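One structure is given below, encoded as C-alpha cells.
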Amino acid sequence: MKNVTSYQIAPDLFLVNQVIPSTVGAKSVEQPTNHAMIVDCSGSMTGDLAQLRTHIKNRLAMLVKDGDTVSIIWFSGRGEFGVLIEAWEVAGLKDLAALSKVVDRLRPVGLTGFKEPLEEMGRLVKRVKNNNPWSLFFMSDGCANQWDRGAILQAVKAAAGGLAAATFVEYGYYADRALLAKMAEVAGGTDIFAENFPR
C-alpha cells in the first residue's frame, strides 16, 4: 500500500505507520448577505409597531454579521412607501446601534398596499451590485386593500428572481394568512406567524 510502512515486532505483531493525506482544504470564507426587510407601517400596526421594532432589532443583532448589509423598506397605502435605509454595511456593534435608531423611526401611517414595496425590492436588488445573496423579510398584520391579488403576486414573482431566501411574517391574528402564504409560495420562501418571528 502507498504511504504505508510496516515493522514486525513479534511473529504475529506488526507496527504499521500510514501517512493519511489531509482532506481538509483552506477554510471557506462565508459570503456576506444582503438582508432586506419590508415593514408594514399602516394604521392597523399602531398597537404592534413598538413590539415589532423590538423584534426587528433583536433579530438583526442575532442575524447580521460583519460585512452584511441591511435595507429597510416601509410601506402603507398607495404611493406611501420608501427605502428607510439602503444597503447599510455592518462593520461592528456601533453600526448595529445606529441601525437600531433607524428601526425606531418606523411609525404608523395609513392604509395597506403590498405591491409598491415589493416592486421597490426588485429595484433595490438591481441598484446594489455587490453580488451577495439577498434575504427578504416581509411583515404585515393586515389585508392588502390597494391592489388586487394578481398584481401583488406578480410583484412578488418579479422580486423573487433576485432573492436567495424569503420569509413572510403574519404579524397578528388579522393578517391575510391566505395571501401571505401564497406570496411565500410564489417567492419559494416560508410563511411564519408572528409568535415564531423572534425564533
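The values are calculated or read from the model by the stated rules, or taken from the named source; none is laboratory data. Since the model is a prediction, treat every value here as computed from it, not as a measurement. Note that each Cβ is placed from the backbone with ideal geometry, even for glycine, and that neighbours are counted across all protein chains shown. These accessible areas exclude ligands, DNA and RNA; they are computed on the full protein's heavy atoms, side chains included. Shrake-Rupley method; radii C 1.70, N 1.55, O 1.52, S 1.80 Å.
Descriptive notes on the structure:
- Scanning the stretch 141-154 turns up no residue that is open to solvent by 50 Å² or more (accessible area, probe 1.4 Å) and closer than 26 Å to residue 67 by Cβ.
- Looking only at the stretch 41-83, and only at residues there that are over 15 Å from the mean Cα position of the chain (by Cα) and among the hydroxyl-bearing types (Ser, Thr, Tyr), the one that is farthest from residue 168 (Cα to Cα): 46
- Hits in the stretch 113-137 - residues which are within 21 Å of residue 51 (Cα to Cα) and out of contact with any helix residue (DSSP H, G or I) (no Cβ under 7 Å at 6 or more places or on another chain): 137
- If you go through the stretch 38-73 and keep only what is assigned to a loop (DSSP other than H, G, I, E, B), small (Gly, Ala, Ser) and in contact (Cβ under 8 Å) with a residue 12 or more places away in the chain, you end up with 42, 67.
- All conditions in (1) surrounded by 15 or more Cβ atoms within 10 Å (Cβ to Cβ); (2) at pLDDT below 95; (3) over 15 Å from the mean Cα position of the chain (by Cα); (4) not basic (Lys, Arg) hold for residue 169, with the sole exception of (3).
- Contacts under 7 angstrom Cβ, first residue in the stretch 74-102 being closer than 20 Å to residue 33 by Cβ, partner β-branched (Val, Ile, Thr) and part of a helix (DSSP H, G or I), 6 or more apart: 84/102; 85/102
- Here residue 122 clears all of (1) over 17 Å from residue 41 (Cβ atoms); (2) open to solvent by 50 Å² or more (accessible area, probe 1.4 Å); (3) of a type outside the set (Phe, Trp, Tyr) except the condition numbered (2).
- The stretch 155-173 residues that are without any contact (Cβ under 8 Å) to a residue 40 or more places away in the chain and farther than 14 Å from residue 125 by Cα, paired with ones that are part of a strand (DSSP E or B) and open to solvent by 10 Å² or more (accessible area, probe 1.4 Å) (beta carbon under 6 Å, 6 or more apart): 167/137; 167/190; 168/191; 169/192; 170/193
- Taken together, the criteria exclude residue 113 from residues that are surrounded by 17 or more Cβ atoms within 10 Å (Cβ to Cβ), assigned to a loop (DSSP other than H, G, I, E, B) and in contact (Cβ under 8 Å) with a residue 40 or more places away in the chain.
- Hits in the stretch 76-108 - residues which are aromatic (Phe, Trp, Tyr) and modelled with pLDDT under 95: 88
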